[in-house]
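Quick note: the coordinates plus some simple rules give every number you see, no bench work behind them. In this text, all values refer to a predicted model and were calculated from it rather than measured experimentally. All Cβ positions, even for glycine, are placed from backbone atoms using ideal geometry, and neighbour counts span all protein chains on display.
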Amino acid sequence: MSTFVHFLLLLCFCLFSLLSVHSLTLPSDIAALQAFKSSIKPITIPSYSCLASWNFTSDPCSVPHITHFTCGLYCTTNRVIQLTLDPAGYSGTLSPLISKLTQLTILDLSDNNFHGPIPSLSSLTNLQFLSLRSNSFSGAVPPSITTLKSLQFLDLAYNSLTGSLPNSMNSLTSLTRLDLSFNKLVGSLPKLPPNLLVLAVKANSLSGPLYKSSFDDLTQLEVVELSQNSLSGTLQAWFFLLPSLQQVNLSNNSFTSVQISKPTNPNSDLIAVDLGFNKIEGYLPINFSAYPLLSSLTLSYNRLRGPIPSEFGNKKSLKRLFLDGNFLNGSPPAGFFSGGASVSGSLGDNCFENCPVSSQLCLKSQKPTSICRQVYGGKPRS
Ligand SMILES: *[C@@H]1O[C@H](CO)[C@@H](O)[C@H](O)[C@H]1NC(C)=O
Ligand SMILES: *[C@@H]1O[C@H](CO)[C@@H](O)[C@H](O)[C@H]1NC(C)=O
Ligand SMILES: *[C@@H]1O[C@H](CO)[C@@H](O)[C@H](O)[C@H]1NC(C)=O
Ligand SMILES: *[C@@H]1O[C@H](CO)[C@@H](O)[C@H](O)[C@H]1NC(C)=O
């Protein structure tokens, strides 16, 4: 053999041993990481950042990480299981090859500037935590996301996502926290994941009523944050009977009426309700006073009329009550103003006849008599 062939063999051997020493990570994971990094504009990768340390002359999963791959990912032996980027302001798209990192349990790209669509993640069957919060993703919430049976935490808030929510959301059987707030989502809520504790779709363009079918079986739901949408119609009695509810914010929507039953669960944990800035007509729902822990109730800027039921005046749990901007009349319950009273809030901008100006509840003045006369047909009811 010629020396040249010898040389080639030696070279091959050297390269091979180099690779076998250094290559621990599954090659398809390395390829996925390379594609991930090359979809990000180099100019947006600061020298101090995690991604700057991703230098593929080293093996991503080999420890120790002294100069290369110092942060942003975690491995178990040869597979990448976490991709948790620092908020360095990375700008680019999310490579569809991310779907090759099939052992990922955590994918967190929050507080960066990723844009374009969210690619299919359906092969990431081990994914438990997905946060793309505070980026610039656009397009739809990919329906493929609903196949992620291990997903417990999904945060896509503060992006520019459009369209309606995927229909099969309820197949996300492990999901306990869902935050899609501050996007541009439309339509009504689909049937929701059955084990949700926290539902937040604040500041979107959801419309139509809330349907019981969306919330069926959500026996663990504690927090509902759907303020700043265009939800409308009647909020029906089933809603506040969801057995684990604690905090509800439906303010800044277009609901026109609410039905509130007494709690069926005597240990109801409902503590805070905000229904402000809707178009709710009718009387102040007396049954709110039957919720034993209710501490904060806001119904500001609706179209409520009639008096405040005296039950609210004796309600010890009540600490904050905002009823300003309605057409409530009569005299507020004396209990609000007695020595030991500890209710704060506002009763201003209503049609109350005897709101003691010495109370901070009455600081904001009442509506002009002319307006109240119009509403009550010239005969104020008390
Ligand atoms: C990657 O690391 C190698 C060896 O340490 C170095 O020569 C090279 O400049 C690095 N590349 C980048 C882009 O930093
Ligand atoms: C409900 O949401 C509105 C608007 O998003 C916010 O201003 C308000 O403070 C919230 N209410 C409570 C009780 O936190
Ligand atoms: C809620 O709606 C009112 C009236 O439309 C508006 O003045 C207020 O700024 C809104 N609040 C939020 C937090 O959007
Ligand atoms: C209060 O709740 C009871 C059932 O718990 C219901 O029958 C009644 O109609 C409710 N009252 C109002 C004013 O909604």
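Placing a pseudo-label 7 Å from each Cα along the Cα-to-Cβ vector at Ser150 and Thr44 gives an inter-label distance of 2.8 nm. Taking every alpha-carbon pair under 8 Å whose residues sit at least 6 apart, the range 184-294 reaches a relative contact order of 21 percent.
For a test of the definition: using alpha carbon positions, the gyration tensor, and the 1.5 limit on a/c, classify the chain as rounded, prolate or oblate.
prolate
Each of Ser171, His68, Pro119 was placed along the dipole of the chain (beta-carbon charges, centred on the mean Cα), and the one lying farthest toward the positive end is Ser171.
Across the range 122-238, C-alpha contacts under 8 Å between residues 6 or more apart give a mean separation that, scaled by the residue count, equals a relative contact order of 20 percent. Dipole size of the chain about its Cα centre, with +1 on Lys/Arg Cβ and -1 on Asp/Glu Cβ: approximately 980 debye, rounded to the nearest 20. Amide H contacts for Leu206 (H built 1.01 Å from N in the peptide plane; partners 5 or more residues away or on another chain; cut-off under 5 Å): Ser230. Taking the charge dipole of the range 268-330 about its Cα centre, with +1 at Lys and Arg Cβ atoms and -1 at Asp and Glu Cβ atoms, the residue from Ser310, Asn278, Ser289 reaching farthest to the positive side is Ser310.
Going 7 Å from the Cα of Ser164 along its beta-carbon direction, which residues of the range 207-227 have the amide nitrogen within less than 15 Å of the resulting point? Hits in the range 207-227 for Ser164 at 15 Å: 207-215. A crude spin-label estimate for the pair Ser62 and Ser230, with each label 7 Å from Cα along the Cβ direction, gives 5.8 nm. Scanning the chain for trypsin sites (Lys or Arg not before Pro) that sit in a DSSP loop and have at most 12 other Cβ atoms within 10 Å, the longest stretch containing none of them is 1-315. Extension gain for Ser207 to Cys71 (0.36 nm times residue separation, less C-alpha to C-alpha distance): 44.7 nm.
Where the only charges are on Cβ atoms (+1 Lys, Arg; -1 Asp, Glu), what is the dipole of the range 148-305 about its Cα centre, to the nearest 20 debye? That gives a dipole near 300 debye. Need one number: the % of Cα-Cα pairs in the range 241-282 sitting beyond the 12 Å mark. For the range 241-282, the share of Cα pairs beyond 12 Å comes to 64 percent. Residues whose amide H lies under 5 Å from that of Ile81, counting only those 5 or more places away or on a different chain, are Tyr74, Cys75, Thr76; hydrogens are built 1.01 Å from N in the peptide plane. Can you classify the range 155-289 as rounded, prolate or oblate using the Cα gyration tensor, where a ≥ b ≥ c are the square roots of its eigenvalues, rounded means a/c under 1.5, and otherwise it's prolate if a/b beats b/c and oblate if not? It is oblate, given that a/c is not under 1.5 and a/b is not larger than b/c.
Here is how the number arises for the chain: DSSP H runs of 4 or more residues each give -39500 (n - 2.57), the sum is divided by the residue count, and the result at 222 nm is -3500 deg cm²/dmol.
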